[in-house]
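Engineer: Structure incoming, see below.
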Ligand code: HDE
C-alpha cells in the first residue's frame with residue numbers, strides 16, 4: 001500500500017513541530033557569549049532536509065559534550081566529597097609550627113572519600129578499602145592528607161603498586177569482576193607477595209564494608225615528621241576518628257545494598273550534609289619518640305605495619321566538620337587533585353619507600369588526568385593564600401601573568417617573588433648509604449601483625465573474617481592459589497586457617513609456607529576492634545517503619561518522635577508511597593514502596609502494620625523479605641501484634657531484639673536499637689563463633 005505523503009509544515013517558526021520555546025531574563029549563549037535564538041533544532045536544509053555543517057552553535061555544543069569526561073583515576077575512581085572546616089585544638093602546636101595546627105585556627109577543607117578498585121560508576125558497598133583524602137587550604141599553602149580507612153598498606157615498595165593494582169582490578173582478558181577482590185589474580189598476587197597478608201586481613205574484616213562514610217576511621221598510614229618552631233622533629237602517624245563512631249554492614253547487607261542503592265554511601269553523605277547533620281572527625285597524632293624506633297619489633301618506615309595506640313597514645317589536635325556539599329560534582333569532586341607532597345612548613349615526609357614513590361605518582365597522574373601542568377589553577381585545587389612564582393604558560397593556562405621578568409634572580413623587578421627563610425625547609429636527616437635495590441631486614445616479618453589484628457577482634461568479628469576469607473577463596477578457581485593462601489592463614493592463626501579450610505571443604509590441604517621471618521605473638525590491641533569499642537547510640541542512624549492500611553497512626557507518631565529524639569532519622573515504607581490509611585482514618589504518605597526501601601538501608605526497623613492489610617503483606621515477597629532480612633541481619637525490630645503472620649512467614653523468631661511496641665515498648669525498642677545488633681542470631685545460622693585464642697585485653 002502506498003504511504004500517504006507526510007504532512008510537512010511550512011511555518012517559519014523554528015519550534016514548529018516541537019515544543020514551544022522557553023524564554024527567561026537570562027539569555028542562553030554560546031561559550032563565547034553570543035546569544036542563541038534556538039537551542040532545540042539543528043540548522044538544516046529544509047525542515048526535512050540534511051543538517052548543515054555551518055551550524056557553529058551545534059558544533060560547539062556537541063564538541064564540548066564529546067569531551068565531557070576526563071580520564072578517571074586509575075585507582076580511587078569512585079568518590080564522594082564535601083567541603084568543610086578544620087579547627088585546631090591546643091594539642092599540636094607543641095609539635096609543629098604549621099599555622100593551621102595552632103590553637104583555634106580555622107581552615108577550610110575539601111574531603112574526598114573513595115573506593116579503590118572499581119570504576120567511577122561502580123557501586124558504593126563492595127568489600128574494599130576506602131580512600132580518605134583531605135585538602136586543607138591553609139594560610140601557608142595547601143596541605144593534603146591523602147589517607148585510607150585502614151592504617152596499613154598491601155605493599156612495602158612503590159615499585160610493586162602497578163602489579164598490586166593490576167591484580168585486584170578486573171582481570172584483563174575477561175573484564176570482570178568489577179570492584180571485587182574475590183578472584184584469582186588478587187589472591188594469586190597476595191599469597192605470593194606475603195607482605196600483603198596484614199592488610200588483606202583488614203580487607204577481610206568488617207572495616208572493608210562500612211555502614212557509612214561518616215562512620216569510618218582514617219589514617220595517613222606512613223610515618224611523617226612534625227617540625228616545631230625551633231626545627232625539632234617528632235615522628236608521628238595521622239589518625240581520623242569519626243564522631244559517630246565506627247559501624248559496618250554485614251556482608252549479606254553489603255551485597256544486597258549493591259542492588260538496592262548503588263549510591264548508598266554517596267546518598268547517605270549527601271542526606272546528612274544537606275539536612276544539617278554534619279559529619280565530624282577528630283584529627284589525632286600519634287607521636288613516636290625517635291629514641292624508641294630502634295627497639296620496636298617493627299620498622300616505622302614499613303607501611304605494612306601499624307603502631308598500637310595502646311603503646312603510643314593518640315593526641316587530639318583538631319576537629320573537621322563537613323558542612324557543604326559541592327555545587328558541581330565534576331568541577332570539584334572529579335577535578336580535585338591530591339598529592340602527599342602538598343606539604344606546609346612544619347610537616348615533612350620520611351623515607352618510607354611507598355611514600356617516596358607516591359611523591360612522584362600523584363603529579364604524574366594529574367598531568368594525564370587533567371591534561372597539563374596548570375591543574376593547580378582549577379578552583380578546587382587553588383590555594384586560598386597568595387601564590388607567586390615564575391612558572392608560566394602551558395595547556396589551558398588561566399592566569400594572565402604580567403610584567404617583564406619571568407625568572408629570578410632579577411634586578412628589574414626587585415619587589416617580585418623571592419625565597420624566604422620562613423619557607424618550607426626539609427628536615428636535615430643525616431644519611432649514609434650504599435646505592436642498592438634491597439628491602440631492609442627490618443621489613444621481613446609479614447605475619448605477626450596480621451595475627452595481632454585477628455586476635456584483637458571480638459569473636460563476632462573473627463567469625464566475619466573467617467567467612468570473608470571463605471567467600472573470597474571459594475571464588476578462586478585455582479586450587480594451588482587457595483592452598484597457598486591457606487598456608488598463610490595457618491601461619492597467622494592455625495585455628496583461623498583450619499576454620500577456613502574446613503569451610504572450603506579443604507581440611508588439611510594448606511600448602512606449608514616458609515615465612516621470610518617467623519611470626520611471634522604481639523599483645524592484642526583492642527582499639528583495632530569495631531565492636532569492642534562501639535558506644536551505644538542511634539545518632540546519625542536511620543530507622544525504617546513499615547506501615548500499611550489499618551495501622552496505628554498514634555503509634556507511628558510516637559515512634560517517630562522517640563527515634564528522632566535519640567538522634568536518628570525515620571523513613572516510612574508502605575505498599576504504596578502515595579497513600580496509607582490508618583485505622584483512625586489518618587492518611588499518611590511513605591518515603592518508599594516496600595520493594596524500593598528494603599530493610600538493608602536501615603539500622604533498625606519497626607513493623608507497624610494493620611490487620612486490614614496483613615494478608616496482602618504476607619502474599620508480598622518484598623514484604624516478607626523485608627522482615628526476614630532485618631531479622632537475619634541481626635537488627636533490632638519493633639513489632640505490633642498484627643504483624644505476627646508476616647513475622648511467621650519471614651522466619652522471625654522471638655528474641656531479645658524483637659520488641660513488642662505496645663505499652664512501654666517504644667522506649668525499650670529505641671534503647672535496644674542504640675545498643676546495636678543482636679549478633680547471637682548469626683550463630684544460629686552460620687558457623688559457630690570461635691573464641692579468640694588470646695583475649696583482646698591488654699595489660700593494665
Ligand atoms: Fe594512592 N594514588 N598510591 N595511595 N591514593 C592515587 O592519584 C599511588 C597509596 C590514595 O580522592 C592516584 O590522583 C601509588 C597509599 C587516595 O583523589 C595515583 C601508591 C594510600 C587516593 C596514586 C599509592 C593511598 C589515591 C590516582 C604506592 C593511603 C584518592 C588518582 C606507592 C595512605 C585521592 C590520583 C582522591 C589516588 C598512586 C598508595 C591513598 C595513581 C603509586 C599507601 C585516598 O597517583
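Engineer: Output the residue which, of all residues in segment 41-92 that are more than 16 Å from the ligand (Cβ to nearest atom) and in contact with a helix residue (DSSP H, G or I) (Cβ under 6 Å, 6 or more places away or on another chain), is nearest to residue 113 (Cα to Cα).
Structural biologist: Only one residue fits best here, namely 88.
Engineer: Same structure again: Are any residues in segment 438-454 crowded, with 23+ Cβ neighbours inside 10 Å and in a helix (DSSP H, G or I), and if so, which ones?
Structural biologist: Within segment 438-454, 449, 450, 451, 452, 453, 454 qualify.
Engineer: Quick one: residue 510 ticks every box in (1) outside any loop (DSSP other than H, G, I, E, B); (2) without any contact (Cβ under 8 Å) to a residue 60 or more places away in the chain bar one, so which box is it?
Structural biologist: Every listed condition holds for residue 510 apart from (1).
Engineer: Also, I was wondering about something else. Please verify whether residue 282 is closer than 29 Å to residue 222 by Cβ, in contact with a strand residue (DSSP E or B) (Cβ under 8 Å, 6 or more places away or on another chain), at pLDDT 95 or above and exposed (fewer than 15 other Cβ atoms within 10 Å of the Cβ), treating the condition exactly as stated.
Structural biologist: So residue 282 does not fit the description; no.
Engineer: Condition check: assigned to a loop (DSSP other than H, G, I, E, B), closer than 29 Å to residue 107 by Cα and touching a strand residue (DSSP E or B) at 6+ places or on another chain (Cβ under 9 Å). Does residue 424 satisfy that?
Structural biologist: yes
Engineer: Then there is this: When only residues in segment 137-149 that are within 13 Å of the ligand (Cβ to nearest atom) and out of contact with any helix residue (DSSP H, G or I) (no Cβ under 9 Å at 6 or more places or on another chain) count, which is farthest from residue 202 (Cα to Cα)?
Structural biologist: My answer is 145.
Engineer: If the requirement is being outside the structural domain of residue 608 (by TED's automatic domain parsing) and farther than 25 Å from residue 210 by Cα, which of these qualifies: 535, 502?
Structural biologist: Details: 535 fails: farther than 25 Å from residue 210 by Cα.
On inspection, the qualifying residue turns out to be 502.
Engineer: Look at segment 112-136 and say how many of its residues are more than 9 Å from the ligand (Cβ to nearest atom) and either more than 30 Å from residue 420 (Cβ to Cβ) or in contact with a helix residue (DSSP H, G or I) (Cβ under 9 Å, 6 or more places away or on another chain) (or both).
Structural biologist: 14
Engineer: Quick one: is residue 252 surrounded by fewer than 23 Cβ atoms within 10 Å (Cβ to Cβ), touching a residue at least 12 places away in the same chain (Cβ under 8 Å) and either farther than 18 Å from residue 453 by Cβ or touching a helix residue (DSSP H, G or I) at 6+ places or on another chain (Cβ under 7 Å) (or both)?
Structural biologist: The answer is yes for residue 252.
Engineer: Show the residue pairs that are 6+ apart or on different chains and have beta-carbon atoms under 7 Å apart, the first residue being within segment 356-377 and assigned by TED's automatic domain parsing to the domain that holds residue 77 and farther than 19 Å from residue 399 by Cα, the second being within 6 Å of the ligand (Cβ to nearest atom) and assigned to a helix (DSSP H, G or I).
Structural biologist: Final answer for the pair search is 356/158; 357/158; 357/161; 358/158.
Engineer: Between a residue in segment 207-225 that is assigned by TED's automatic domain parsing to the domain that holds residue 300 and any residue that is buried (at least 24 other Cβ atoms within 10 Å of the Cβ) and part of a helix (DSSP H, G or I), which pairs come within a Cβ distance under 6 Å, given they are 6 or more apart or on different chains?
Structural biologist: 213/265
Engineer: For residues in segment 335-362 being in contact with a strand residue (DSSP E or B) (Cβ under 7 Å, 6 or more places away or on another chain) and either near the ligand (Cβ under 7 Å from one of its atoms) or not in a loop (DSSP other than H, G, I, E, B) (or both), which is farthest from residue 429 (Cα to Cα)? First the steps, then the outcome.
Structural biologist: Step one: filter segment 335-362 for residues in contact with a strand residue (DSSP E or B) (Cβ under 7 Å, 6 or more places away or on another chain), giving 336, 338-340, 342-344, 346-350.
Checking the rest, the ones that are also either near the ligand (Cβ under 7 Å from one of its atoms) or not in a loop (DSSP other than H, G, I, E, B) (or both) come to 336, 338, 347-348.
Working: 336: 32, 338: 26, 347: 14, 348: 11 Å.
By that ranking, first place goes to 336.
Engineer: Okay, next question. Of the residues 152, 190, which single one is touching a helix residue (DSSP H, G or I) at 6+ places or on another chain (Cβ under 9 Å), more than 10 Å from the ligand (Cβ to nearest atom) and closer than 20 Å to residue 468 by Cα?
Structural biologist: Selected residue: 190, the only one of 152, 190 that is touching a helix residue (DSSP H, G or I) at 6+ places or on another chain (Cβ under 9 Å), more than 10 Å from the ligand (Cβ to nearest atom) and closer than 20 Å to residue 468 by Cα.
Engineer: Here's another thing I want to ask about it. Somewhere in segment 475-497, is a residue assigned to a helix (DSSP H, G or I), closer than 26 Å to residue 676 by Cβ and under 30 Å from the mean Cα position of the chain (by Cα)? Quick ask: steps written out before the conclusion?
Structural biologist: Of segment 475-497, the ones assigned to a helix (DSSP H, G or I) are 479-492, 494-497.
Adding the requirement that they be closer than 26 Å to residue 676 by Cβ leaves 495-496.
Then keep just the ones that are under 30 Å from the mean Cα position of the chain (by Cα); that gives 496.
Checked against the condition, which is being assigned to a helix (DSSP H, G or I), closer than 26 Å to residue 676 by Cβ and under 30 Å from the mean Cα position of the chain (by Cα), segment 475-497 yields at least one hit.
Engineer: Okay, moving on. Do we find that residue 33 is more than 16 Å from the ligand (Cβ to nearest atom), loosely packed, with under 11 Cβ neighbours inside 10 Å, within 42 Å of the chain's Cα centre (by Cα) and over 30 Å from residue 323 (Cβ atoms) in this structure? If you could, list the steps in order and put the result at the bottom.
Structural biologist: Working: more than 16 Å from the ligand (Cβ to nearest atom): yes; loosely packed, with under 11 Cβ neighbours inside 10 Å: yes; within 42 Å of the chain's Cα centre (by Cα): yes; over 30 Å from residue 323 (Cβ atoms): yes.
Judged against the criteria, residue 33 is a match.
Engineer: While we're here: So which of 402, 422, 435 ends up being away from the ligand (no atom under 16 Å from the Cβ), touching a residue at least 40 places away in the same chain (Cβ under 8 Å), over 30 Å from residue 326 (Cβ atoms) and surrounded by fewer than 12 Cβ atoms within 10 Å (Cβ to Cβ)? First the steps, then the outcome.
Structural biologist: Values: 402 fails: touching a residue at least 40 places away in the same chain (Cβ under 8 Å); 435 fails: touching a residue at least 40 places away in the same chain (Cβ under 8 Å).
422 is the lone residue from the list that is away from the ligand (no atom under 16 Å from the Cβ), touching a residue at least 40 places away in the same chain (Cβ under 8 Å), over 30 Å from residue 326 (Cβ atoms) and surrounded by fewer than 12 Cβ atoms within 10 Å (Cβ to Cβ).
Engineer: Please tell me if residue 368 is touching a strand residue (DSSP E or B) at 6+ places or on another chain (Cβ under 6 Å) and more than 8 Å from the ligand (Cβ to nearest atom).
Structural biologist: No, not satisfied.
Engineer: Moving to a separate point now. Among the residues of segment 150-188, count how many are surrounded by fewer than 17 Cβ atoms within 10 Å (Cβ to Cβ), free of Cβ contacts under 8 Å to residues at least 60 places away in the same chain and not in a loop (DSSP other than H, G, I, E, B).
Structural biologist: 3
Yes/no per residue for (1) on the phi > 0 side of the Ramachandran plot; (2) modelled with pLDDT of 95 or more:
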position: 376; (1), (2): no, yes
position: 381; (1), (2): no, yes
position: 396; (1), (2): yes, no
position: 424; (1), (2): no, yes
position: 430; (1), (2): no, no
position: 452; (1), (2): no, yes
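Engineer: Output yes when any residue across segment 464-471 is buried (at least 22 other Cβ atoms within 10 Å of the Cβ), within 30 Å of residue 570 (Cα to Cα) and modelled with pLDDT of 95 or more, and no when none is.
Structural biologist: yes
Engineer: How about segment 162-180: which of its residues are under 20 Å from the mean Cα position of the chain (by Cα) and either within 16 Å of the ligand (Cβ to nearest atom) or outside the structural domain of residue 73 (by TED's automatic domain parsing) (or both)?
Structural biologist: Within segment 162-180, 164, 165, 168, 169, 179 meet the criteria.
The values are calculated or read from the model by the stated rules, or taken from the named source; none is laboratory data. All values reported here derive from a predicted model rather than from experimental measurement. Ideal geometry is used to build each Cβ from the backbone, glycine not excepted, and the neighbour counts take in all protein chains shown.
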